[in-house]
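To start, the structure itself, in structure tokens.
The values are calculated or read from the model by the stated rules, or taken from the named source; none is laboratory data. In this text the structure is predicted, and so the values were computed from the model without any measurement. Here Cβ is always computed from backbone atoms with ideal geometry, including for glycine, and neighbour counts include all displayed protein chains. Surface accessibility is based on the protein's heavy atoms, side chains included, excluding ligands, DNA and RNA. Shrake-Rupley method; radii C 1.70, N 1.55, O 1.52, S 1.80 Å.
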Amino acid sequence: MTFRASVLTLYPEMFPGPLGHALAGRALANGLWGLEAVQIREHALDRHRSVDDTPAGGGPGMVMRADVLARAIDAVSPADDPRPRLLMTPRGRPLTQARVRELAAGPGAVILCGRFEGVDERIVAARGLEEVCVGDVVLSGGEAAALLLLDACVRLIPGVMGKAESGTDESFSHGLLEYPQYTRPQLFEGQGIPEVLTSGDHARIAHWRQAEAEAVTRARRPDLLSPARDGSKTERE
């Protein structure tokens, strides 16, 4: 089963963008995943290809119309399409690595990129959209958020990364931020590599990495720590 993404956007030229390069780009060229960028205006109902209108109740900006969006969604995602339908929006549920793994293991996703003041609320329920947020920030549109989500998913598709462990031994994969990494040169501007990492003792290295991951997480993202893990003592070497 190939992961297949359909992105509904007013700016299809933004895709694949960075996803056309490096690991994701090679995987796309090799058929490990698929991507289509759909111009929402093609599903407009008037000759001006209008996709938005003034907000009900007044206020600034414009709102994307439910009827136009419904036509666009239905065109790429019929009733029997098993792919989840996502709406990129700052009011959505925060995206997590766990949800990324679920998406990456599935058939793909239909992703709606909002613009202006957002979308007519009725389309969310009418087409069962899952609202997704990639951070506590407001973007010009959902395209950048969609690229982020797809990059996170594609790298976990089997065959995309050289080593499967690369997708599991990293930040958030075990509920912690990743431990510090080092490489050559042995000495950089007076700073050396921690002795334990050059000891060849794999048990000590694993213990050090676990302790460092917990320490970094406790300092930077204590919200990720469970009560039991937060109360543990760690040894730093």
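Scan segment 1-10 for residues that are over 19 Å from the mean Cα position of the chain (by Cα) and either among the small types (G, A, S) or open to solvent by 70 Å² or more (accessible area, probe 1.4 Å) (or both) and the total you get is 1. When V110 is tested against (1) under 14 Å from the mean Cα position of the chain (by Cα); (2) assigned to a loop (DSSP other than H, G, I, E, B), only condition (2) is not met. Looking at segment 115-146, which of the residues that are closer than 15 Å to T89 by Cβ and part of a helix (DSSP H, G or I) is most open to solvent (accessible area, probe 1.4 Å)? Checked segment 115-146; the qualifying residue most open to solvent (accessible area, probe 1.4 Å) is R122. When the criteria are applied in full, R65 fails the requirement of being over 28 Å from V160 (Cβ atoms), surrounded by 13 or more Cβ atoms within 10 Å (Cβ to Cβ) and either in contact with a helix residue (DSSP H, G or I) (Cβ under 6 Å, 6 or more places away or on another chain) or of a type in the set (S, T, Y) (or both). With respect to the stated conditions, R184 is part of a loop (DSSP other than H, G, I, E, B) and open to solvent by 40 Å² or more (accessible area, probe 1.4 Å). Out of segment 27-78, which residues are of a type in the set (A, V, I, L, M, F, W, C) and at pLDDT below 95? Hit for segment 27-78 is L45, nothing else. Residue pairs whose Cβ atoms lie under 7 Å apart, sitting 6 or more positions apart in sequence or on different chains, and linking a residue in segment 150-166 that is within 16 Å of W33 (Cβ to Cβ) and open to solvent by less than 80 Å² (accessible area, probe 1.4 Å) to a partner that is assigned to a helix (DSSP H, G or I) and modelled with pLDDT under 95, are R155/G167; L156/G167; M161/G167. Selection of segment 198-229 for residues being surrounded by 14 or more Cβ atoms within 10 Å (Cβ to Cβ) and among the aliphatic types (A, V, I, L, M) yields I205, A211, A213, A215, V216, L224, L225. Pairing residues of segment 129-148 that are over 22 Å from D52 (Cβ atoms) and modelled with pLDDT of 95 or more with residues that are open to solvent by 50 Å² or more (accessible area, probe 1.4 Å) and assigned to a loop (DSSP other than H, G, I, E, B), at Cβ distances under 6 Å and at least 6 apart in sequence or on separate chains, gives L148/V134. If the condition is being surrounded by fewer than 20 Cβ atoms within 10 Å (Cβ to Cβ) and either within 15 Å of P12 (Cβ to Cβ) or touching a Gly at 6+ places or on another chain (Cβ under 7 Å) (or both), then segment 39-54 contributes Q39, R41, E42, A44, R49. Looking across segment 17-38, the residues that are assigned to a loop (DSSP other than H, G, I, E, B), open to solvent by 50 Å² or more (accessible area, probe 1.4 Å) and not polar (S, T, N, Q) come down to H21, L32. Scan segment 17-65 for residues that are among the small types (G, A, S) and touching a residue at least 24 places away in the same chain (Cβ under 8 Å) and the total you get is 9. Taking segment 88-109 as the range and being over 14 Å from G135 (Cα atoms) and open to solvent by less than 30 Å² (accessible area, probe 1.4 Å) as the test, the residues that pass are V100, L103, A104, G106, G108, A109.
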